[in-house]
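**Q** Structure incoming, see below.
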Amino acid sequence: MSPDQYNSIVVLTGAGISAESGLKTFRGKDGLWEGERPEEIATPQAYAQNPEKVLRFYNERRRLLLEGGIKPNPAHVALAEFEKNFTGNFTLVTQNVDNLHEQAGSKNIVHMHGELTKVRCTEKGDVYECLEDITLDSPHPNHPEIVGTLRPHIVWFGEVPFDLDIILEKLATCDLFISIGTSGLVYPAAGFVQAVPETCYKVQINLDYTPNLPHFDLVIDGKAGEKVPQFFLNRLPHESI
Ligand code: BV8
């Protein structure tokens, strides 16, 4: 099957698509941070109890992304190239908070769990681009008299993901759904494969078994950097850009 035979495509990506770019996944063997699981740190409760620790968790990830030489890999590039040439409706929903899809040139991106390069004022609710560390001494970008109200613009466990109305509308009308590099453990993203029409063709590209695997019509085991260019561009890895 070739994806350009379809009319409306939704792609869902998770940490696995960024793994070959050098970013840690959440549940991989090296998935701990300061001896804890991200699920214990990426919560409003953790932020309330120890804001410095949570801010440090995101400052380190933002710094790695922006200064660590982290670049899109052939999977990100292949998705962007496919979208550019596709004449149908293409929506890229990502659980990732990195900006590698943007760097690769993808356009119609929905960051359902937020973005590392954005912060939100907990008092005013407004969102700003942020490319440096934030601390409890960081002033509001437009109101310097307000200090310490900036938090990562990231959806923590227990918080409602962004743009679910848009996502669910795209899922309800797509004829091809492709999940790439996600463990299928976190909802509502893990349930998206069950929110598409019965007639939608459902594909998973992943390295390991996932609990929602039985819902897919085609399961492609392997690394995203190899399988995504093959699937979307019918291009072998050594031919990737
Ligand atoms: C919500 C931002 C209510 C933070 C993230 C009990 C049962 C069911 C659900 C729940 C429950 N208790 C609580 C819940 C809800 C909870 C949830 O699902 N918890 C789980 C842990 C049980 N969900 C929430 O709280 C969500 N909010 O439910 O609100 C609501 C909902 C709808 C409407 C109204 C109200 C909010 C969840 C968002 C949390 N924030 N990220 C940050 O980044 O710091 S979640 C985080 O983990 C990611 O964003 C991602 O979404 C999620 C899963 O991670 P993955 O991306 O899948 O990464 P992982 O490491 O797990 O897997 C990587 C995969 O890649 C692996 O399978 C691996 O094999 C593969 N891979 C690795 N390398 C490669 C590869 N594949 C290909 N190539 C490679 N090279």
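The values are calculated or read from the model by the stated rules, or taken from the named source; none is laboratory data. Predicted model, so just to flag it, every value in this text is computed and none were measured. Note that each Cβ is placed from the backbone with ideal geometry, even for glycine, and that neighbours are counted across all protein chains shown.
**Q** Would it be correct to say that LEU92 is in a helix (DSSP H, G or I) and of a type outside the set (Ser, Thr, Tyr)? Don't jump to the end; show me each part of the working.
**A** On the way: in a helix (DSSP H, G or I): no; of a type outside the set (Ser, Thr, Tyr): yes.
Here the answer is no, as LEU92 does not meet what is asked.
**Q** Whether any residue in segment 170-177 is modelled with pLDDT of 95 or more, within 6 Å of the ligand (Cβ to nearest atom) and either of a type outside the set (Phe, Trp, Tyr) or under 27 Å from ASN73 (Cα atoms) (or both) is what I want to check.
**A** Among the residues of segment 170-177, not one is modelled with pLDDT of 95 or more, within 6 Å of the ligand (Cβ to nearest atom) and either of a type outside the set (Phe, Trp, Tyr) or under 27 Å from ASN73 (Cα atoms) (or both), which makes the answer no.
**Q** May I pose another question? Taking segment 204-217 only, how many residues are within 23 Å of ASN7 (Cβ to Cβ), surrounded by fewer than 21 Cβ atoms within 10 Å (Cβ to Cβ) and in contact with a helix residue (DSSP H, G or I) (Cβ under 9 Å, 6 or more places away or on another chain)?
**A** Summing the residues that are within 23 Å of ASN7 (Cβ to Cβ), surrounded by fewer than 21 Cβ atoms within 10 Å (Cβ to Cβ) and in contact with a helix residue (DSSP H, G or I) (Cβ under 9 Å, 6 or more places away or on another chain) in segment 204-217 gives 2.
**Q** So PRO141 clears everything in (1) within 30 Å of PRO211 (Cα to Cα); (2) touching a residue at least 12 places away in the same chain (Cβ under 8 Å); (3) assigned to a loop (DSSP other than H, G, I, E, B) except one condition, right? Which one?
**A** Status for PRO141: all satisfied but (1).
**Q** Can you tell me which residues in segment 106-126 are surrounded by 14 or more Cβ atoms within 10 Å (Cβ to Cβ) and more than 15 Å from the chain's Cα centre (by Cα)?
**A** VAL119, ARG120, CYS121
**Q** Looking at segment 31-48 only, could you name the residues that are more than 8 Å from the ligand (Cβ to nearest atom), part of a loop (DSSP other than H, G, I, E, B) and under 13 Å from GLY158 (Cβ atoms)?
**A** Once the filter is applied, which keeps residues that are more than 8 Å from the ligand (Cβ to nearest atom), part of a loop (DSSP other than H, G, I, E, B) and under 13 Å from GLY158 (Cβ atoms), segment 31-48 yields only THR43.
**Q** If you don't mind, another one. Could you grab me the full set of residues in segment 62-81 that are in a helix (DSSP H, G or I), touching a residue at least 24 places away in the same chain (Cβ under 8 Å) and farther than 11 Å from ALA104 by Cβ?
**A** If the condition is that a residue be in a helix (DSSP H, G or I), touching a residue at least 24 places away in the same chain (Cβ under 8 Å) and farther than 11 Å from ALA104 by Cβ, then ARG62, ARG63, LEU64, LEU65, LEU66 are the ones that fit.
**Q** OK, next. Is at least one residue of segment 202-209 among the hydroxyl-bearing types (Ser, Thr, Tyr), at pLDDT below 95 and farther than 20 Å from PRO72 by Cα?
**A** yes
**Q** Given the residues LEU92, LEU150, LEU100, which is the only one that is buried (at least 20 other Cβ atoms within 10 Å of the Cβ), touching a Cys at 6+ places or on another chain (Cβ under 7 Å) and modelled with pLDDT of 95 or more?
**A** Result: LEU150 is the single residue among LEU92, LEU150, LEU100 that is buried (at least 20 other Cβ atoms within 10 Å of the Cβ), touching a Cys at 6+ places or on another chain (Cβ under 7 Å) and modelled with pLDDT of 95 or more.
**Q** Show the residue pairs that are 6+ apart or on different chains and have beta-carbon atoms under 8 Å apart, the first residue being within segment 96-114 and more than 17 Å from PHE162 (Cα to Cα) and without any contact (Cβ under 8 Å) to a residue 40 or more places away in the chain, the second being within 16 Å of the ligand (Cβ to nearest atom) and part of a strand (DSSP E or B).
**A** The qualifying pairs are GLU102/ILE109; SER106/LEU92.
**Q** Would you check which residues across segment 49-79 are of a type in the set (Val, Ile, Thr) and more than 11 Å from the ligand (Cβ to nearest atom) and list them?
**A** Selection gives ILE70, VAL77.
**Q** For segment 181-201, state whether one or more residues are touching an Asp or Glu at 6+ places or on another chain (Cβ under 9 Å), more than 9 Å from the ligand (Cβ to nearest atom) and assigned to a strand (DSSP E or B).
**A** Yes: one or more hits.
**Q** Please verify whether segment 139-147 includes one or more residues that are within 16 Å of the ligand (Cβ to nearest atom) and either within 21 Å of the chain's Cα centre (by Cα) or farther than 21 Å from SER18 by Cα (or both). Walk me through how you get there before you give the answer.
**A** We begin by selecting, within segment 139-147, every residue within 16 Å of the ligand (Cβ to nearest atom); these are none.
Among the residues of segment 139-147, not one is within 16 Å of the ligand (Cβ to nearest atom) and either within 21 Å of the chain's Cα centre (by Cα) or farther than 21 Å from SER18 by Cα (or both), which makes the answer no.
**Q** Being on the phi < 0 side of the Ramachandran plot, modelled with pLDDT under 95 and surrounded by fewer than 19 Cβ atoms within 10 Å (Cβ to Cβ) is true for just one of LYS71, LYS53. Which residue is that?
**A** Values: LYS71 fails: modelled with pLDDT under 95.
Exactly one of LYS71, LYS53 is on the phi < 0 side of the Ramachandran plot, modelled with pLDDT under 95 and surrounded by fewer than 19 Cβ atoms within 10 Å (Cβ to Cβ), namely LYS53.
**Q** Pairs only if they're at least six apart or on different chains, beta carbon under 6 angstrom, first in segment 4-30 and touching a residue at least 40 places away in the same chain (Cβ under 8 Å) and assigned to a loop (DSSP other than H, G, I, E, B), second among the polar types (S, T, N, Q) and near the ligand (Cβ under 7 Å from one of its atoms); list them, first residue then second.
**A** Close Cβ pairs (under 6 Å, with a partner that is among the polar types (S, T, N, Q) and near the ligand (Cβ under 7 Å from one of its atoms)) amount to GLY14/GLN95; GLY14/THR182; SER18/ASN96; ARG27/SER183.
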